[in-house]
């Protein structure tokens, strides 16, 4: 499942006065973010015994969790 958001790259560290702080979470490109979601969702599915039927819920929960902890957009 892919989203339609555009990739955002934040390769330069935040500078004081530039609207950000050094504590700002990193912003990942959409491809890297989706790869991280896929990996994390797979590990969650493994913990469930790879039982079918919860793939979408697991994917969406994983996306939300990664975004919450600064891994996303």
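Since every read-out is calculated from the coordinates, none of them should be taken as a lab result. No experiment lies behind these values; they were computed from the predicted model shown. Please note: Cβ atoms are built from the backbone with ideal geometry, for glycine as well, and neighbour counts cover all protein chains shown.
Observations
- Residue 38 versus residue 56: modelled label distance in nm, points set 7 Å from Cα along the beta carbon direction: 2.0
- The ranking of 30, 55 by Cβ neighbour count inside 10 Å, starting from the fewest, reads 55, 30.
- Shown for 50, 44, 28: other C-beta atoms within 10 Å of each C-beta, ranked fewest to most, produce the order 50, 44, 28.
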